[in-house]
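Taking it in order: structure first as structure tokens, then the write-up.
The values are calculated or read from the model by the stated rules, or taken from the named source; none is laboratory data. Quick caveat: nothing in here was measured; it's all calculated off a predicted structure. Note that each Cβ is placed from the backbone with ideal geometry, even for glycine, and that neighbours are counted across all protein chains shown. Just so you know, the surface numbers come from the protein's heavy atoms only, side chains and all, with ligands and any DNA or RNA stripped out. Shrake-Rupley method; radii C 1.70, N 1.55, O 1.52, S 1.80 Å.
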Amino acid sequence: MGINQKKTTMVPAQPVTISLPPYYRIDDFFAFHLRDPQNIAEIVEKSTLRKGIIWQEHAAQIRLSINGQATDNKQAILQLDVDNAETSPSLNELHTLAIHLLGLNQPVEQFEEKYLTHPILGKLIAPQRGVRVYQSATTFEALVWAIIGQQISVLAAIAIRRRFIQAVGQQHSSGIWCFPTVASVINVDDEILRQAGFSLGKIIALRGLCAAIQAGELDLDNAVTPENVHEVTEKLLAIKGIGPWTVSYGLLRGFNYLDGSLHGDVAVRRNLQILLTQDTQPSAKETQEWLTQFTPWRALVAAHLWRSQSAAGY
């Protein structure tokens, strides 16, 4: 069982408000967080997301509301309720968290300006302008999700993720569960992970990831840029059980890095076949070659291909 953290105090945090850009896809943002129907770690109530995270070693609840959905003046308001903390998060920390979660530090407008009139890609972009990649609360969460999702269905991955959070994570005083930290994973027994649904290969990959982080070989706080992406990629690939798809997905969902090539993704290839009106599904190599022309936004193109299938599928 996970650790039920008893509430002693909750420091009230001043909310931060952020204006959203035109075409911001509010419904898609909430759909991403509605993937688990049991809602143990993310709860969407009308226009508000509640999500559990660990903030400076304390269980915390994000409350992110979006108003003005029917107007051009859309705003996001984020507040963080931290259990047992002596100080509340600063407005700058909350602003950084909100920008990250909402995917607002992605050059979506620049991408659309360049490719909206593209003879093929433009047909994909035009009806779904504003597509961006909503981020996991932490890079560690994104990488763990990528490991869990290796070679299984989304539904199966969601179930494993849920059991993993309840077995290894902490519970906020509101009742919402917080995604496990590196330290909590390191201290948990392999049998608990097996009971949550992790295969031996996934356990090895998860252990290797945590060991690399703990040893300082992998710094998840550093931004990934075109200048250092090769180095970060090689460090991740050096971990047994982590392959190219896991790296590209982790870079995309955790680091806001939009140029990973998700050519091995089944949904990307399936939807590319539809876009290109081909009789057969392109191979991973053919998909990789096609995506190359859209560097440095290959992963954003993949997100558009995902979105053409489902709001919750990317």
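The table below gives the values:
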| quantity | calculated |
| --- | --- |
| Residue within segment 45-61 that is assigned to a loop (DSSP other than H, G, I, E, B), modelled with pLDDT under 90 and within 30 Å of E112 (Cα to Cα) present | yes |
| Residues of segment 115-145 classified as farther than 18 Å from A205 by Cβ, of a type in the set (F, W, Y) and either assigned by the TED database to the domain that holds R50 or assigned to a helix (DSSP H, G or I) (or both), total | 1 |
| Top-ranked residue of segment 89-137 - restricted to ones that are among the hydroxyl-bearing types (S, T, Y) and touching a helix residue (DSSP H, G or I) at 6+ places or on another chain (Cβ under 6 Å), ranked as nearest to H58 (Cα to Cα) | S136 |
| Some residue of segment 225-237 being surrounded by 17 or more Cβ atoms within 10 Å (Cβ to Cβ), closer than 23 Å to A159 by Cβ and modelled with pLDDT of 95 or more | no |
| Test: residue in segment 253-269 that is part of a loop (DSSP other than H, G, I, E, B) and exposed (fewer than 13 other Cβ atoms within 10 Å of the Cβ) | no |
| Pairs with Cβ under 8 Å, 6+ apart, first in segment 273-285 and over 17 Å from S261 (Cβ atoms) and of a type in the set (V, I, T), second open to solvent by less than 80 Å² (accessible area, probe 1.4 Å) and modelled with pLDDT of 95 or more | T280/Q273 |
| All helices (runs of 4 or more DSSP H) inside segment 146-220 with 2 or more residues being touching a helix residue (DSSP H, G or I) at 6+ places or on another chain (Cβ under 7 Å), among the basic types (K, R) and touching a residue at least 24 places away in the same chain (Cβ under 8 Å) | 154-168 |
| Every pair of residues 6+ apart whose Cβ atoms lie under 8 Å, when the first sits in segment 36-50 and is not assigned by the TED database to the domain that holds C178 while the second is of a type in the set (S, T, Y) and surrounded by 11 or more Cβ atoms within 10 Å (Cβ to Cβ) | S47/S65; T48/S65; L49/S65; R50/S174 |
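Table: residues versus (1) open to solvent by less than 10 Å² (accessible area, probe 1.4 Å); (2) farther than 16 Å from V16 by Cα.
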site: N39; (1), (2): no, yes
site: I66; (1), (2): yes, no
site: I77; (1), (2): no, no
site: L91; (1), (2): no, no
